1. Give me the residue from the range 175-211 that is of a type in the set (Gly, Ala, Ser) and open to solvent by 20 Å² or more (accessible area, probe 1.4 Å) and, out of that set, farthest from Ala246 (Cα to Cα).
2. Report those strands (runs of 3 or more DSSP E) wholly inside the range 78-117 carrying at least 2 residues which are more than 20 Å from Val140 (Cβ to Cβ) and either open to solvent by less than 40 Å² (accessible area, probe 1.4 Å) or in contact with a strand residue (DSSP E or B) (Cβ under 9 Å, 6 or more places away or on another chain) (or both).
3. For the range 41-64, how many residues are touching a Gly at 6+ places or on another chain (Cβ under 8 Å) and not in a strand (DSSP E or B)?
4. Go through the range 281-296 and count every residue that is surrounded by fewer than 21 Cβ atoms within 10 Å (Cβ to Cβ) and touching a residue at least 60 places away in the same chain (Cβ under 8 Å).
5. Over 22 Å from Asp117 (Cβ atoms), open to solvent by less than 30 Å² (accessible area, probe 1.4 Å) and either part of a loop (DSSP other than H, G, I, E, B) or in contact with a His (Cβ under 6 Å, 6 or more places away or on another chain) (or both), is that true of Pro226?
6. Considering only residues that are in a loop (DSSP other than H, G, I, E, B) and either open to solvent by 10 Å² or more (accessible area, probe 1.4 Å) or within 23 Å of Ala33 (Cβ to Cβ) (or both), which ones fall in the range 256-280?
7. Kindly list, by first and then second residue, each pair from a residue in the range 104-118 that is in contact (Cβ under 8 Å) with a residue 24 or more places away in the chain and at positive phi to a residue that is outside any strand (DSSP E or B) and surrounded by fewer than 24 Cβ atoms within 10 Å (Cβ to Cβ), limited to pairs with Cβ atoms under 7 Å and residues at least 6 apart or on different chains.
Amino acid sequence: PMSGRPAPAWPCSDSPSTPAPDDASARGTLAAATTTVLLSGLDNPRGLAFGPEGALYVVEAGNTTINGPCIAGARGQLCYSGTGGVTRYWKGRSERVVSGLPSQFNQTTNDVTGAHDIGFLGLGNAFITIGWGGDPARRVEYGALGANFGHLIKLEPSGGWRAVADVSAVEAESNPAGGPVDSNPFGLLNEPGVRFVADAGGNSLIEIRADGSTSVVATFGPTPAPAPFGSSEAVPTEVERGPDGALYVSKLTGVPFVAGSAAIMRVVPGEAPTEFAGGFKTITDFAFAPDGSMYVVAYASAPVFFGGPGRLTRVAADGTRQLVSSALEFPTGVTVGPDGAVYVSNKGALSGAGEVLRIVP
């Protein structure tokens, strides 16, 4: 949408069906990757992370079950669901370890917003971003059920959780990037004493300290778009610490989601963000590998709007690009495992049909 929310959970009906090659595919050849389905039957799977014990965790935004009130949205009725959760894959078995996280869905589009990313830092230090996707002031329309949307939450060892910071309050109070007041906490980086959250609606990178206080690290401006749009919102979707010590943030870019406009930005606090790797389409997530390379997930590949398969691209430390997979379906998350394999949340915009893939480049 124009306000800069991440991609709708379904391909637009007027989307072109023929993918257009972007820089990622034009500069490399398709790798002979081996892909296996590790998990299936997930509800809108999003971010992935390995826990300190070596298990793989994936957050699920939720499904279309109605468990609360509905409110008017810009593109249809929004209904409280509260069906978000976390699934763990460990020693060959999968288990839902957290349930009942805040989530909402759009009755017209079936978009689901809820748990978007997860990050670990040792035992007992798991955090999750809970999205929102609109003006934070409207959260009260859900009553008490809306209180934890737009927050960073901390998981307890017991499986319970508690909110530790109101990320969306930054947008509500100061609207740092300008434009419509819109917040959707999405990507997360969990580090000692501090967390960083990419606000996909607010077009900002927010720092959250151990005491819950927040500050703006960077904002991201719009990019040019063809008429009649004129420009696209930045829509930052992930934040990672790079091998050089800088922060890196992916920009999905909003409507009309033009191929080649998405990019990875390099962020040094106190300086304006600079483009590190451009020429992508609808980046939902990226991850660094131990060798300094980067794996980038693109949600779609059509020239504009949605359509065409999702893609996984490897960007080597020297900038060389290789298309690892061009057969993904609504991929939303990626991480590199200790085994060197790449793990991708696939079908990340589908309730009950989401997957986690293990891809060996």
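1. Taking the range 175-211 and keeping what is of a type in the set (Gly, Ala, Ser), we get 177-179, 183, 187, 193, 198, 200-202, 204, 210.
Still in the running and open to solvent by 20 Å² or more (accessible area, probe 1.4 Å): 177-179, 193, 210.
Details: Ala177: 21, Gly178: 25, Gly179: 27, Gly193: 17, Ala210: 20 Å.
If we take residues in the range 175-211 being of a type in the set (Gly, Ala, Ser) and open to solvent by 20 Å² or more (accessible area, probe 1.4 Å), then Gly179 is farthest from Ala246 (Cα to Cα).
2. Working: elements: 84-90, 93-101, 104-106.
Once the strands (runs of 3 or more DSSP E) in the range 78-117 are filtered for at least 2 residues that are more than 20 Å from Val140 (Cβ to Cβ) and either open to solvent by less than 40 Å² (accessible area, probe 1.4 Å) or in contact with a strand residue (DSSP E or B) (Cβ under 9 Å, 6 or more places away or on another chain) (or both), what remains is 84-90, 93-101.
3. Residues of the range 41-64 that are touching a Gly at 6+ places or on another chain (Cβ under 8 Å), as a first pass: 41-50, 52, 56-63.
Applying the additional criterion that residues be not in a strand (DSSP E or B) yields 43-44, 52, 61-63.
Residues that pass the stated criteria total 6.
4. Final tally of qualifying residues: 0.
5. Working: over 22 Å from Asp117 (Cβ atoms): yes; open to solvent by less than 30 Å² (accessible area, probe 1.4 Å): no; either part of a loop (DSSP other than H, G, I, E, B) or in contact with a His (Cβ under 6 Å, 6 or more places away or on another chain) (or both): yes.
Criteria not met by Pro226.
6. Going through the range 256-280, the residues in a loop (DSSP other than H, G, I, E, B) turn out to be 256-261, 268-273.
Answer for the range 256-280, where residues must be in a loop (DSSP other than H, G, I, E, B) and either open to solvent by 10 Å² or more (accessible area, probe 1.4 Å) or within 23 Å of Ala33 (Cβ to Cβ) (or both): Val258, Ala259, Gly260, Ser261, Val268, Pro269, Gly270, Glu271, Ala272, Pro273.
7. Asn110/Ala9; Asn110/Trp10; Asn110/Thr64
The rows are residues; the columns are (1) without any contact (Cβ under 8 Å) to a residue 12 or more places away in the chain; (2) out of contact with any Pro (no Cβ under 8 Å at 6 or more places or on another chain).
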{"residue": "Ala147", "(1), (2)": "no, yes"}
{"residue": "Val164", "(1), (2)": "no, yes"}
{"residue": "Val167", "(1), (2)": "no, no"}
{"residue": "Glu173", "(1), (2)": "yes, yes"}
{"residue": "Pro176", "(1), (2)": "no, yes"}
{"residue": "Pro185", "(1), (2)": "no, yes"}
{"residue": "Gly202", "(1), (2)": "no, no"}
{"residue": "Leu205", "(1), (2)": "no, no"}
{"residue": "Ile208", "(1), (2)": "no, yes"}
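The values are calculated or read from the model by the stated rules, or taken from the named source; none is laboratory data. The structure presented is a predicted model; accordingly, all values stated were derived computationally and were not measured. Cβ sites come from the backbone with ideal geometry, for glycine too, and all protein chains shown count toward neighbours. Side chains included, ligands, DNA and RNA excluded: accessible areas come from the protein's heavy atoms. Shrake-Rupley method; radii C 1.70, N 1.55, O 1.52, S 1.80 Å.
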